[in-house]
Amino acid sequence: MNVLKHPSFFRPANHSSSAPPLTNPPPASRPSSSNGFERAARPLNKLSLSGFRRSSPSPIVSVNNIPTTLVQDGSYLELLNLKLSEAVSRALAQPSGPATANEQLLGKRPIPAGRGHALGNFIASELKATQDSPHLHRAIIRTLHRPLSVLLTNLSAHLVPLVSSPAFQHAPPPSVQSPNPNSTQLHAIAIATFVGELLETFDEFELGTDLDVRGDGLKSIREGLVSLINRVVGPIINAIRNELMPLLEALEMPISQQGTKAAPNTKGLPAHHPSIIALQVIMPVYAKTIARFTTSAVSQTTLATFLISIVWRGLVALAHRPYVPTSPPTSPKLVPVALKKSRGATTPPLTPPPARFNIKLPPSRPPSPNYVNPPTAAVDARALYDLLNLLPRPMGNKESARLAREVVDDAFEGLQALPDLLDAVHVVPAKIASEERLDQVARELDILATKVPLLIALPVVLQAPANETGNVVVSSLIGLSVAQYRTECLSGFGRAEECAITVARRVQDVLSKNTDVHPVVSKWLDIEILETSE
């Protein structure tokens with residue numbers, strides 16, 4: 001008994017109080033021939049039972065592979081909590097490597113792309129491993145609360161100073177001269193991108209979408225993450241919308257009333273409204289910026305609202321543009337050109353192509369302007385559709401954004417169908433003697449207006465020529481001012497659909513006593529009211 005209690009033969013002669021216990025020997029180091037302690041330790045390792053255990057070491061729990069068999073003793077959830085906290089810290093850590101001058105802000109770099117996916121993939125792997133155990137699955141969701149709450153708090157602390165700074169709030173919209181965001185916007189975009197990547201895992205497992213009656217769901221954390229994205233995407237989208245709205249509203253004014261001269265080198269090509277020319281320059285820059293800010297599924301609703309608003313504004317402006325019939329050029333400035341060409345017939349060729357002729361003119365005489373047909377609403381509508389089609393649309397491959405995509409597609413279909421309706425209305429004969437022919441024309445207009453909202457198609461069809469009178473305004477027919485009518489009935493797609501039947505019936509009642517309107521309008525309204533009522 002004493003021998004077992006004091007096994008002196010297992011110890012070297014120069015025993016020290018700091019020597020490790022027998023049952024947990026230190027790792028073996030390289031032996032030295034000059035050290036007696038090292039020589040005495042050799043037989044200890046041979047006689048100790050630990051020597052047999054060293055050949056088959058106990059398994060070490062890996063950080064990336066948590067076995068589900070550790071559920072019973074509770075160590076799995078404790079280890080998972082530590083791993084989640086570590087993953088959150090790594091996700092917000094400063095990236096290594098050199099930083100560009102534009103992305104550095106107060107000595108810090110933005111969160112690199114992909115870290116939200118990395119954190120989300122880690123959470124997804126743990127949830128997938130416990131899908132067959134509902135109780136453990138629920139326990140993991142409760143375990144997610146603390147690390148994700150810390151993550152949300154840290155992200156909010158980083159984002160609030162960014163979105164509150166003048167560099168973000170009063171930043172000018174992107175332009176051709178300055179298409180890239182500033183450093184403050186870059187850091188805000190990085191946070192929004194990180195949150196959007198993490199929310200993809202929330203969407204995959206429907207985290208935070210339950211009623212959260214027991215309080216163990218992630219609804220509050222999800223709402224907090226969504227608000228972070230909206231605080232970044234909303235102001236930038238609104239700034240772009242504020243720049244586009246005046247250009248779209250100006251499309252209502254014909255180019256002849258603005259006194260705009262034809263652009264050079266456009267002979268034989270249709271002219272465009274000045275707003276279209278401005279949009280052709282800036283729209284590619286806006287499309288790139290919007291695509292960069294709306295990568296997450298949460299931002300698709302904001303993107304859809306933006307697209308619907310600008311498409312609607314363009315529809316209202318083009319549908320209410322007064323019709324100005326085109327006429328051949330009668331300017332006396334074209335007479336000298338014709339005279340020069342006639343005189344050139346009696347001499348050696350003095351009538352070269354226009355480009356060469358302009359170069360040979362004396363500097364004191366400017367070249368004669370080329371005649372360009374004034375832009376019609378149909379031409380501008382086609383150009384506007386092509387330009388707005390450059391902008392990104394909501395992602396249709398995800399269920400959460402599918403409804404937004406369908407609404408946006410319907411709006412674009414209406415804009416795409418408007419030019420054909422405009423062209424058809426302006427070629428309607430002023431007088432149609434046959435009632436059968438009148439019904440046929442009305443049905444043709446109805447087919448062309450199928451995709452166009454009724455209150456957008458109505459002012460267009462009212463432009464059908466009759467008695468060479470001026471344009472008839474819908475608001476005057478129903479007894480409202482233009483501002484009141486547009487505020488109450490043309491504020492958006494939804495409101496226009498609600499007021500469509502009421503306005504159509506009121507206009508139909510007035511048309512029976514109005515001879516300034518083409519009779520095809522009344523026929524067309526009968527068809528529209530009947531189809532809409534069904």
Legend entry - From the options Leu244, Leu251, Leu279, Leu225, residue that is surrounded by 14 or more Cβ atoms within 10 Å (Cβ to Cβ), under 16 Å from the mean Cα position of the chain (by Cα) and modelled with pLDDT of 95 or more: Leu244
Legend entry - Those residues of region 413-434 which are in contact with a Lys or Arg (Cβ under 8 Å, 6 or more places away or on another chain) and not aliphatic (A, V, I, L, M), in sequence order: Glu413, Gly414, Gln416, Pro419
Inset, instruction - Scan region 401-415 and report the pairs whose first residue is at pLDDT below 95 and whose second residue is among the charged types (D, E, K, R), with Cβ atoms within less than 8 Å and a gap of 6+ or a chain change. - result: Arg405/Arg393
Inset, instruction - Those residues that are surrounded by 15 or more Cβ atoms within 10 Å (Cβ to Cβ), more than 22 Å from the chain's Cα centre (by Cα) and in a loop (DSSP other than H, G, I, E, B), I need them from region 104-120; list them, please. - result: Gln104, Arg109
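To keep it simple, each residue is scored yes or no on (1) within 40 Å of the chain's Cα centre (by Cα); (2) open to solvent by 60 Å² or more (accessible area, probe 1.4 Å).
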| site | (1), (2) |
| --- | --- |
| Val428 | no, no |
| Thr502 | yes, yes |
| Arg505 | yes, yes |
| Asp509 | no, yes |
| Ser522 | no, no |
Inset, instruction - Would you check if there is a residue in region 126-136 being at pLDDT 50 or above, part of a helix (DSSP H, G or I) and in contact with a Ser or Thr (Cβ under 7 Å, 6 or more places away or on another chain)? - result: yes
Legend entry - From the options Pro161, Pro98, residue that is surrounded by fewer than 18 Cβ atoms within 10 Å (Cβ to Cβ) and assigned to a helix (DSSP H, G or I): Pro161
Inset, instruction - Check whether at least one residue in region 84-93 is over 21 Å from Gly196 (Cβ atoms) and touching a helix residue (DSSP H, G or I) at 6+ places or on another chain (Cβ under 8 Å), and report yes or no. - result: yes
Inset, instruction - Determine if region 122-141 includes at least one residue that is without any contact (Cβ under 8 Å) to a residue 12 or more places away in the chain and acidic (Asp, Glu). - result: yes
Inset, instruction - Considering (1) open to solvent by 40 Å² or more (accessible area, probe 1.4 Å); (2) among the acidic types (Asp, Glu); (3) at pLDDT 95 or above, say which one Glu200 fails and leave the rest. - result: (3)
Legend entry - Matching residues in region 388-404 - criterion: being part of a helix (DSSP H, G or I) and buried (at least 19 other Cβ atoms within 10 Å of the Cβ): Leu388, Ala401, Ala404
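The values are calculated or read from the model by the stated rules, or taken from the named source; none is laboratory data. Quick caveat: nothing in here was measured; it's all calculated off a predicted structure. Neighbour counts are summed over all protein chains in view; Cβ atoms, including those assigned to glycine, are modelled from backbone coordinates with ideal geometry. The protein model used for the area step is the full one, side chains on, heavy atoms only, and it has no ligands, DNA or RNA in it. Shrake-Rupley method; radii C 1.70, N 1.55, O 1.52, S 1.80 Å.
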